[in-house]
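**Student:** Before I ask anything, let me first share the structure, which is written out below as structure tokens.
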Amino acid sequence: MSFNPTGQGLTRRGLLAGAAGMAAAGLILPRGARAQEARRGGRLRIGHLGGATSDTLDPATYAAGPVVTAMLAVCNNLVEIDAKGQAVPELAEFEPDAEARVWTFRLKDGVTFSDGRKLTARDVIASFDHHRGADTKSGAKGSLEQVKEIRADGDNVVVFELTSGNADFAYLTSDYHFVIMPANEDGTLDWQSGLGTGGYVLENFEPGVRITLKRRDDYWKPDRAWFDEAVLLTINDATARQNALMTGEVDVINSPDLATLHLLQRRPGLQLVEVTGTAHYTMPMFCDQAPFTDPNLRLALKYAIDRQEVLDKVLRGHGQIANDSPIAPANRFFAADLPQRAYDPDKAKHYLKQAGMEGLKVEISASDAASVGALDMVQLFQQSAKAAGIDLTVKREPDDGYWSNVWLKKPFCVSYWNGRPTEDDMFSLVYARGAEWNESHWDNERFNELLLKARAELDEGLRAEMYREMQGLVSEDGGTIIPIFVNYIDVANDKVAHGEVASNRFLDGWKIVERWWQA
């Protein structure tokens, strides 16, 4: 997940003026337009959304924000997602057996932690076992329930044996929770030291304030980690982030306030980096808590939101309408032929009547820490729901601590997901029975049955059919309203440069510190 606070109101005139001004200025650059020969040196300063005083270096607790971007520069994964969305070897070459049930990862030679220790299979096993078992508090626990056994075959080979085949398992190992850290003598994970095999060393960590990184001279990747130093500042207020960029306090910001984005185009030497990926806004409802236990009530709320209005006024068109399924057009098995749900107050009234809940009064918790324009979105929802006879009360929650005090705690709230490169990963993490991050507490027997079957199916056509049915089930029966997919937008000054930008997350797939360089 990642978090995107703003605090500005929206006006239609402001939106149109901003869009026109930005287009006239030619601020949007094609992917890779800043490419030039990379060079070493300089300092990268990022004004980052999503930091909190509760952040820790424990990868089991990672949600998003600067700690994740920093630790993806301090550490590596077995596999990474490249700019084309493909799973490519990072720390290890990988090979599945014929059934994609046993996956073998061979560690690359010459990889060391920043304290000089050689990377071994023990470190990999400890890094994954940290998220497994009954006692773990990791949000990625559900993703690894398919792993039956992890074993070493010598110092340099790790074998993952799954309960059933998974054609996408290599993608799963690229998840930011699964950064590789050193093992303690007892086989547990040494996350407290902040050591990794990446191109940077953690010099300073002030949760919710500042993270400072220093480049290693002995990094095993010769074509990465260009900056001498990187500083990640937590700036959760969107206006403050943009001011920091315009005054030169930082070089890059993520998730600008779209309502005032036109102000940035007036400043010379700025570039807007925008890619379409899998990010989406959600409004999960606890399906095991009244009134959301009734699927008719859930459908009523889904028909009561004007998705086009949200796209136009909150995102200013920087995204696409969604259909209450987390699988985006950028995903391989996106079901484009499913009927698109539209705003329909009469249908909403119909389903309210079916649920016996006419005149519904319900509260939704929101904060601009949840996503760019989250409060504007729920206020628009509040107005559109009135026509369906729904009295929606918006409870504004504090920005700080939203993800620890509201998300997964309140029965109806606003959330945000970057999405995942595969359908199985997204569904397993958030929609499977008992998943740690099942934010709607949804439990659908047919869906859970298909999840296992689709994961093990090697026939692409059959997988497509199963994932289509699953998307339909989530959309119709699921406990999550998903109104829009959102583009990833970062803004940088002309002091930094980059190659082709990844579309799996903002800030170049959260790999900006490793991949970008000084212009």
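**Student:** For the list (1) closer than 24 Å to V372 by Cα; (2) part of a loop (DSSP other than H, G, I, E, B); (3) out of contact with any helix residue (DSSP H, G or I) (no Cβ under 8 Å at 6 or more places or on another chain), I need the number of the one condition that W437 fails.
**Tutor:** (3)
**Student:** Looking at (1) under 25 Å from L189 (Cα atoms); (2) under 18 Å from the mean Cα position of the chain (by Cα), which is the only condition D109 fails?
**Tutor:** (2)
**Student:** Only one of these is touching a Phe, Trp or Tyr at 6+ places or on another chain (Cβ under 7 Å), more than 16 Å from H280 (Cβ to Cβ) and touching a residue at least 12 places away in the same chain (Cβ under 8 Å): A492, A502, A454, A435. Name it. Please lay out each step first, then the result.
**Tutor:** Details: A492 fails: touching a Phe, Trp or Tyr at 6+ places or on another chain (Cβ under 7 Å); A502 fails: touching a Phe, Trp or Tyr at 6+ places or on another chain (Cβ under 7 Å); A435 fails: touching a Phe, Trp or Tyr at 6+ places or on another chain (Cβ under 7 Å).
Within the list A492, A502, A454, A435, the selection yields A454.
**Student:** How many of the residues making up region 146-193 are over 22 Å from F427 (Cβ atoms), in contact with a Ser or Thr (Cβ under 9 Å, 6 or more places away or on another chain) and surrounded by 14 or more Cβ atoms within 10 Å (Cβ to Cβ)?
**Tutor:** 12
**Student:** Further question on the same structure: Only one of (1) surrounded by 21 or more Cβ atoms within 10 Å (Cβ to Cβ); (2) assigned to a loop (DSSP other than H, G, I, E, B) is not met by A134, so which one is it?
**Tutor:** For A134, the failing item is (1).
**Student:** For region 352-383, how many residues are buried (at least 21 other Cβ atoms within 10 Å of the Cβ), more than 22 Å from H48 (Cα to Cα) and of a type in the set (S, T, N, Q)?
**Tutor:** Residues in region 352-383 being buried (at least 21 other Cβ atoms within 10 Å of the Cβ), more than 22 Å from H48 (Cα to Cα) and of a type in the set (S, T, N, Q): 1 in total.
**Student:** Would you check if there is a residue in region 278-285 being hydroxyl-bearing (S, T, Y), part of a strand (DSSP E or B) and buried (at least 17 other Cβ atoms within 10 Å of the Cβ)?
**Tutor:** Yes - at least one qualifying residue is present in region 278-285.
Conditions tested, residue by residue: (1) touching a helix residue (DSSP H, G or I) at 6+ places or on another chain (Cβ under 8 Å); (2) hydrophobic (A, V, I, L, M, F, W, C).
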position: Q383; (1), (2): no, no
position: K395; (1), (2): no, no
position: L408; (1), (2): no, yes
position: T422; (1), (2): yes, no
position: R455; (1), (2): yes, no
position: D459; (1), (2): no, no
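**Student:** Please determine, by comparing only the residues of region 393-432 that are of a type in the set (A, V, I, L, M) and in contact (Cβ under 8 Å) with a residue 60 or more places away in the chain, which one is surrounded by the most Cβ atoms within 10 Å (Cβ to Cβ). Outline the logic, then answer.
**Tutor:** First, pick out the residues of region 393-432 that are of a type in the set (A, V, I, L, M): 394, 406, 408, 414, 426, 429-430, 432.
Those left that are additionally in contact (Cβ under 8 Å) with a residue 60 or more places away in the chain: 414, 426, 429-430, 432.
On the way: V414: 29, M426: 22, L429: 24, V430: 26, A432: 22.
Among those residues, the one meeting the criterion is V414.
**Student:** Of (1) closer than 16 Å to H280 by Cα; (2) outside any helix (DSSP H, G or I); (3) at pLDDT 95 or above, V378 satisfies all except one. Which?
**Tutor:** Result: V378 passes all but (2).
**Student:** Evaluate region 327-345: report whether one residue or more is in the same structural domain as V362 (by TED's automatic domain parsing), at positive phi and modelled with pLDDT of 95 or more. Steps first, please.
**Tutor:** First pass over region 327-345, keeping only residues in the same structural domain as V362 (by TED's automatic domain parsing): 327-345.
Okay, now just the ones that are also at positive phi, so none.
Checking region 327-345: not a single residue is in the same structural domain as V362 (by TED's automatic domain parsing), at positive phi and modelled with pLDDT of 95 or more.
**Student:** If only one of D237, D294 is out of contact with any strand residue (DSSP E or B) (no Cβ under 6 Å at 6 or more places or on another chain) and within 30 Å of Y351 (Cα to Cα), which one is it?
**Tutor:** After applying the criteria, what remains is D294.
**Student:** Filter region 286-321 for residues that are of a type in the set (V, I, T), part of a loop (DSSP other than H, G, I, E, B) and surrounded by 21 or more Cβ atoms within 10 Å (Cβ to Cβ) and give the result.
**Tutor:** Result: I305, V314.
**Student:** Check region 258-275 and report whether any residue there is assigned to a loop (DSSP other than H, G, I, E, B), touching a residue at least 24 places away in the same chain (Cβ under 8 Å), surrounded by fewer than 23 Cβ atoms within 10 Å (Cβ to Cβ) and assigned by TED's automatic domain parsing to the domain that holds E358.
**Tutor:** No, there is no match, as no residue in region 258-275 is assigned to a loop (DSSP other than H, G, I, E, B), touching a residue at least 24 places away in the same chain (Cβ under 8 Å), surrounded by fewer than 23 Cβ atoms within 10 Å (Cβ to Cβ) and assigned by TED's automatic domain parsing to the domain that holds E358.
**Student:** Give L429, L408 a once-over and let me know the one that is outside the structural domain of N166 (by TED's automatic domain parsing), under 19 Å from the mean Cα position of the chain (by Cα), hydrophobic (A, V, I, L, M, F, W, C) and in a helix (DSSP H, G or I).
**Tutor:** L429
**Student:** Determine if region 159-178 includes at least one residue that is hydrophobic (A, V, I, L, M, F, W, C) and within 30 Å of V496 (Cβ to Cβ).
**Tutor:** Within region 159-178 (the criterion being hydrophobic (A, V, I, L, M, F, W, C) and within 30 Å of V496 (Cβ to Cβ)), the answer is yes, since at least one residue qualifies.
The values are calculated or read from the model by the stated rules, or taken from the named source; none is laboratory data. In this text the structure is predicted, and so the values were computed from the model without any measurement. For neighbour counting, all protein chains shown are included, and Cβ atoms are generated from backbone atoms with ideal geometry for every residue, glycine included.
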